[in-house]
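Working notes for the structure below.
The values are calculated or read from the model by the stated rules, or taken from the named source; none is laboratory data. In this text the structure is predicted, and so the values were computed from the model without any measurement. For neighbour counting, all protein chains shown are included, and Cβ atoms are generated from backbone atoms with ideal geometry for every residue, glycine included. The accessibility values were calculated without ligands, DNA or RNA, using every heavy atom of the protein model including side chains. Shrake-Rupley method; radii C 1.70, N 1.55, O 1.52, S 1.80 Å.
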Amino acid sequence: MADPSSYRPKPGQIPDSPGVYKFRDQHARVIYVGKAKSLRPRLSSYFQDLANLHPRTRTMVTTAASVEWTVVSTEVEALQLEYAWIKEFDPRFNVKYRDDKSYPSLAVTLNEEFPRVQVMRGPRRKGVRYFGPYGHAWAIRETVDLMLRVFPVRTCSAGVFKRSAQIGRPCLLGYIGKCSAPCVGRVNAEEHRALAEEFCDFMAGRTGAYIRRLETRMREASEEMEYEKAARLRDDIEALKRAMEKNAVVLTDATDADLMAVAEDELEAAVQIFHVRGGRVRGQRGWVTDKVEAVDTAGLVAHALQQLYGEESGDAVPKEVLVPVLPEDTAALNQWLTDRRGAAVSLRIPQRGDKKDLMATVARNAEHALVLHKTKRASDLTTRSRALEEIADALGLDTAPLRVECFDISHLQGDDVVASMVVFEDGLPRKSEYRRFQIKSFAGQDDVRSMHEVISRRFRRYLQKKQKTGEWDLADAGGAGDTPDGPDTAEAPDAPGAPGQVSVEELTPAGVVASGSVADSGRDEDGRPRRFAYPPQLVVVDGGQPQVAAAQRALDDLGIDDVAVCGLAKRLEEVWLPGEDDPVVLPRSSEGLYLLQRVRDEAHRFAIRYQRTKRAASFRAGPLDAVAGLGETRKRALLKHFGSVKRLRAATVDQLCEVPGIGRKTAETVAAALAQAAPAAPAVNTATGEIIEDDAAPTAAASERGDTA
């Protein structure tokens, strides 16, 4: 636990200006990001008597080891920079909203030549028009099914669309009138796009005028005694009205607004948002968060607004945002929302009428979501905590291992030897930290030697990161100054420059003036995220005594003595410790043993997947793969032109130059590579046993697939 006075800035060093500040721990990880109208009083408030601080704030400042700040010109710039840094660094002491489930949206891909209507989840894409999010995917599909009768927009995948275009026959929806069939040319691209835009207008709430227009056309068809046409228009109107009924009118003045409500207790908070467009509830979403920082309801609202609109622009930001409590920096948030929408946005608390009544409904949903979340999480959180405590007790650790890394070796009879590293934090997998390795120092099967190499390479990179931040002298760590691993560890070579230092311009938007110490940004100098920078409390290896001894020897060679090591043997699920003749046997019902098994099995799965990928790639390899600079397109062109590798090998340089995209230099390289390669075995007809001659060589398409005659 650090003493905040050890890194407290000197008096007068902190500027009295708007800005954003970061607290870092001893490993240079950003653990908290905040903003302030004036940096001096805000930062000074963290360095008062610890007894006067909120318990969560006290934990943060005692975990931190340094503080740095960046000065900006306005509060809006501070808001933007704070949001960007929270997204980049994912600080552990900042409130981070997580969706209590994945919400689907109705999407129209206007960025395609023939727009498609579909259900989408995940981050929003540029050029796609979204409606929602909705509570259930089936609700979207029911609505779309009703509306396709009137707006027959394409809903098929790219593969189905391409196939229908090739065979000249539309899919079933095209035959029953629920698709305009642009795949076979029934409508051109402009007509289909007009249909998609009408669909978007209707979904956006402009429904009344369109239905009135259909009713007028229905009456005209009836007067002209075109009864079939009138009946079809009548059915279209009924379908649209049924689709509209699925979103009940809640605000009679056709308001476009988002309503936000918060339910909270001492430890957690739930946020619910209703999206109202054209007076109707078009979507709903909810978040639940741990209150890891000292934050009140106004602060929770401010964080939720950043999360909700940080990636949005234009009409995705409504004219009105109704909240239960106004944030502290209301003016800055209001200006930020206005900038994102490109028009005025009203951020306020509803006082009376329908909007206040609807806000009460949103608040009830938030309270229900919090109760439901706590019910679901109670057993899960308790189980994980108990598992970590059992592991600490069994292995004699001082504290629970909050970060666990597990290593496994995989090969096929000594070939394609690879290793995996998986990471669990707080008992949950952190897949962004997974890494994979190729064994470089030797060939063949030797799991013990492979484990020693992988552990050495992983922690050598960790020591190199510490050297950059000045926390470690590699000269004092035996063997730690070796050459870094190559790209097989998903690492990029470190760029030159001052270790751990970046310029202010790299961290801040244009025009932002910075001051203070701006140390390591959490990324390498080339802009890539830092890897292998954080040590685990526990290393688990898949194996018994030999593998555990190899891992411990690797750590000892590097001078690392603060990382515990254990192994989990598959046969009897025994836990082995370095230097012990007898294993630690955990009860079969132990939550700690179950967690270790999950970690081990995940490492095994990840290693096997990588090993199979490498093996499949080696099976697909051919003589052309050895030609440097020859990509897949030109490989296919060569095979298509000559029909087989045998004919390609017999071709002259001049004949190779006849292939589009193949120059003389490339042709000479291809000819030389094929001349050095061993000739392919003759193709054999498996039915008759006869050798297939050159005249019956497989086609280029079959050669590309690897088929035989």
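Condition first: of a type outside the set (A, V, I, L, M, F, W, C), open to solvent by less than 30 Å² (accessible area, probe 1.4 Å) and under 27 Å from the mean Cα position of the chain (by Cα). Can you find one or more residues in segment 55-66 that meet it?
Looking only at segment 55-66, we keep the residues that are of a type outside the set (A, V, I, L, M, F, W, C), and these are 55-59, 62-63, 66.
Subsequent filtering for residues that are open to solvent by less than 30 Å² (accessible area, probe 1.4 Å) retains 57, 62.
Subsequent filtering for residues that are under 27 Å from the mean Cα position of the chain (by Cα) retains none.
No - not one qualifying residue is present in segment 55-66.
Would you be able to say whether some residue in segment 188-199 is in a loop (DSSP other than H, G, I, E, B), under 30 Å from Arg212 (Cα atoms) and not acidic (Asp, Glu)? Before the answer, list the steps.
Of all residues in segment 188-199, those in a loop (DSSP other than H, G, I, E, B) come to 188.
With the extra rule that they be under 30 Å from Arg212 (Cα atoms), the set shrinks to 188.
Remaining after also requiring not acidic (Asp, Glu): 188.
Checked segment 188-199: at least one residue is in a loop (DSSP other than H, G, I, E, B), under 30 Å from Arg212 (Cα atoms) and not acidic (Asp, Glu).
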Practice item. Mind listing whichever residues of segment 366-392 are open to solvent by less than 50 Å² (accessible area, probe 1.4 Å) and over 30 Å from Leu586 (Cβ atoms)? Key: Ala366, Ala369, Leu370, His373
Exercise for review: Return only the number of the condition from (1) in a helix (DSSP H, G or I); (2) open to solvent by less than 40 Å² (accessible area, probe 1.4 Å); (3) of a type in the set (Val, Ile, Thr) that Thr361 does not satisfy.
Suggested key: (2)
Point to revise | Contacts under 6 angstrom Cβ, first residue in segment 47-70 being on the phi < 0 side of the Ramachandran plot, partner open to solvent by less than 50 Å² (accessible area, probe 1.4 Å) and in a helix (DSSP H, G or I), 6 or more apart | key: Phe47/Pro4; Val61/Pro4; Val61/Tyr46; Trp69/Leu39
Exercise for review: Filter segment 65-92 for residues that are acidic (Asp, Glu) and part of a loop (DSSP other than H, G, I, E, B) and give the result.
Suggested key: Asp90
Point to revise | Neighbours by Cβ (under 7 Å, 6+ apart or cross-chain): first from segment 1-29, in contact (Cβ under 8 Å) with a residue 60 or more places away in the chain; second in a loop (DSSP other than H, G, I, E, B) and of a type in the set (Phe, Trp, Tyr) | key: His27/Tyr534; Arg29/Tyr534
**Study point:** Single unsatisfied condition, Leu110 versus (1) outside any strand (DSSP E or B); (2) open to solvent by less than 70 Å² (accessible area, probe 1.4 Å); (3) over 30 Å from Arg149 (Cα atoms); (4) aliphatic (A, V, I, L, M)
**Key:** (3)
Review point. Would you pick out the residues in segment 559-591 that are open to solvent by less than 50 Å² (accessible area, probe 1.4 Å), over 26 Å from Arg460 (Cβ atoms) and small (Gly, Ala, Ser)?
Key: Ala569, Ser590
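Can you confirm whether Ala443 is within 27 Å of Glu591 (Cβ to Cβ) and more than 25 Å from the chain's Cα centre (by Cα)? Give the steps one after another, and end with the answer.
Details: within 27 Å of Glu591 (Cβ to Cβ): no; more than 25 Å from the chain's Cα centre (by Cα): yes.
Against the criterion (within 27 Å of Glu591 (Cβ to Cβ) and more than 25 Å from the chain's Cα centre (by Cα)), Ala443 does not qualify.
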Point to revise | Residue list for segment 1-35, restricted to those being outside any strand (DSSP E or B), open to solvent by less than 70 Å² (accessible area, probe 1.4 Å) and among the hydrophobic types (A, V, I, L, M, F, W, C) | key: Ala2, Ile14, Ala28
Review point. Considering Ala302, Ala221, Ala263, which residue is at pLDDT 75 or above, within 30 Å of Tyr83 (Cβ to Cβ), open to solvent by less than 20 Å² (accessible area, probe 1.4 Å) and out of contact with any strand residue (DSSP E or B) (no Cβ under 8 Å at 6 or more places or on another chain)?
Key: Ala302
Exercise for review: Note down all Cβ pairs under 9 Å where the first residue falls in segment 602-617 and is in a helix (DSSP H, G or I), the second is among the aliphatic types (A, V, I, L, M) and modelled with pLDDT under 80, and they're at least six residues apart or on different chains.
Suggested key: Gln611/Leu412; Arg612/Leu412; Arg615/Leu412
Check your understanding: Restricting attention to segment 262-306, which residues are among the hydrophobic types (A, V, I, L, M, F, W, C), more than 24 Å from Leu106 (Cβ to Cβ) and assigned to a strand (DSSP E or B)?
Key -> Val262, Ala263, Ala269, Ala270, Val288
Study note, to complete from the structure: Selection over segment 171-187 where residues are within 27 Å of Leu214 (Cα to Cα), assigned to a loop (DSSP other than H, G, I, E, B) and open to solvent by less than 70 Å² (accessible area, probe 1.4 Å) yields a count of 7
Exercise for review: Look through segment 643-671, keep the residues that are in contact (Cβ under 8 Å) with a residue 24 or more places away in the chain and in a helix (DSSP H, G or I), and return whichever of them is most open to solvent (accessible area, probe 1.4 Å).
Suggested key: Lys646
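Residue-by-condition table, conditions (1) under 24 Å from Val76 (Cβ atoms); (2) modelled with pLDDT of 85 or more; (3) among the polar types (S, T, N, Q):
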residue	(1), (2), (3)
Ala2	no, no, no
Arg8	no, yes, no
Asp16	yes, yes, no
Asp25	no, yes, no
Ile31	no, yes, no
Gly34	yes, yes, no
Lys37	yes, yes, no
Ser45	yes, yes, yes
Thr62	no, yes, yes
